[in-house]
Amino acid sequence: MKRLAIVGAGDLGLQLANLARISGGYTLAGFFDDTRSPGDVVADSEVLGHLVDIEPAFALGQYDCLVVAVGYKHLALRQKIHDRHVDSIPFATLVHPSAIIDPSCHIEEGTVIYPGCVLDMGVSIGANSLLNVGCVVAHHSEIGSGCFLSPAVSIAGFVRVESGCVLGIGTVVIDNLRIASGSRTGAGAVVTRHLEVPGLYLGVPARLAKEAMPS
């Protein structure tokens, strides 16, 4: 059993702790969270320290692998944490046993896949992405790194979702489309054409409501 440390002790962190328990192969070593005090107890596990303590704690052997439980509202921070530690600390990949994943799929480290997800033939999921409950990704589609798919997102075949995208609950993407890095969709959006300008897209069909701010 690998000892898993979770970055973030909020609601998402509790969900990932439960998912790790259900998926098997992990015991919970504890949490890292800047809003908690070291030694606090969350979900029967200890807060090991703040974000600056992640690498020192690994060097001391306090845990074996890491996963990031920072949600879509702080996507840049989520990716920053991953990128800072990916070359020095192993990242866990959490997959709920009810998920249906074709053997031909490629899933990179740090990815989290919730209950009821379906990944068809040839699907690729980039590192540090999260697929929430009931997402369906059809054949030969690609989800880039650091993406966050809300519940019940449906993606048709040969779609490319580039890095750092957030797809809102119930988003539908038809086949053979590209969604530019940094794009977001609102709840129930139906994407029927390429989303080439990063920003927030709403409606049926999805239209640009607000361009993304320059980083």
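Each value in this text was obtained by applying a stated rule to the coordinates, not by laboratory testing. Because the structure is predicted, anything quoted here is derived from the model rather than measured. All Cβ positions, glycine included, derive from the backbone under ideal geometry; neighbour counts span all protein chains shown.
Annotations
- Close amide H pairs (under 5 Å, H built 1.01 Å from N) link Val42 with Val47, residues at least 5 positions away or on another chain.
- 14 Å Cα-Cα reach of Lys2 towards aspartates and glutamates, excluding residues that sit fewer than 8 places from it in its own chain: Asp64
- Evaluating 6.51 cos²θ - 1.76 cosθ + 1.60 at θ = phi - 60° for every residue in region 9-24, the Karplus couplings come out as 10, x, 4, 5, x, 5, 4, 5, 4, 5, 5, 4, 5, 6, 6, x Hz, glycine and proline recorded as x.
- Placing +1 on the Cβ of every Lys and Arg and -1 on the Cβ of every Asp and Glu, with nothing else charged, gives region 94-204 a dipole about its Cα centre of roughly 300 debye.
- Once the Kirkwood radius over Cα pairs is known for region 122-195, the Stokes-Einstein relation at 25 °C and 0.890 mPa s delivers a diffusion coefficient of 215 µm²/s.
- When only the Cβ of Lys, Arg, Asp and Glu is charged (+1, +1, -1, -1), the dipole of the chain relative to its Cα centre reaches about 540 debye.
- Residues whose amide H comes within less than 5 Å of that of Lys2, counting only those at least five positions distant or on another chain, are Tyr26, Thr27 (H built at 1.01 Å from N in the peptide plane).
- Likely footprinting exposure, Leu149, Leu60, Leu208, fewest C-beta neighbours within 10 Å first: Leu60, Leu208, Leu149
- Distant-in-sequence amide H partners of Tyr201 (H built 1.01 Å from N, under 5 Å): Arg184, Thr185, Gly186, Ala209
- ³J(HN,Hα) computed for each position of region 150-162 - Karplus, 6.51 cos²θ - 1.76 cosθ + 1.60, integer Hz, glycine/proline x: 6, x, 6, 6, 10, 10, 7, x, 6, 9, 10, 9, 6
- Cα-centre dipole for region 34-109 with unit charges at Cβ (Lys and Arg positive, Asp and Glu negative), debye to 20: 300 debye
- Extension gain from Asp175 to Leu202, taking 0.36 nm per residue of separation minus the Cα-Cα distance: 7.9 nm
- D_trans [Stokes-Einstein, Kirkwood Rh over alpha-carbon pairs] for the chain, 20 °C, 1.002 mPa s, µm² s⁻¹: 123 µm²/s
- Within the chain, percent of DSSP bridges classed antiparallel, to nearest 5: 10 percent
- Sparse-neighbour loop sites [trypsin sites (Lys or Arg not before Pro); region 144-215; at most 12 other C-beta within 10 Å; DSSP]: Arg193
- Dipole orientation for the chain: of the candidates Leu4, Ala92, Gly116, Gly116 has the Cα lying most toward the positive pole (charges on Cβ; Lys, Arg +1; Asp, Glu -1).
- Inter-centroid distance (Cα atoms) of region 63-106 relative to region 157-207, Å: 22 Å
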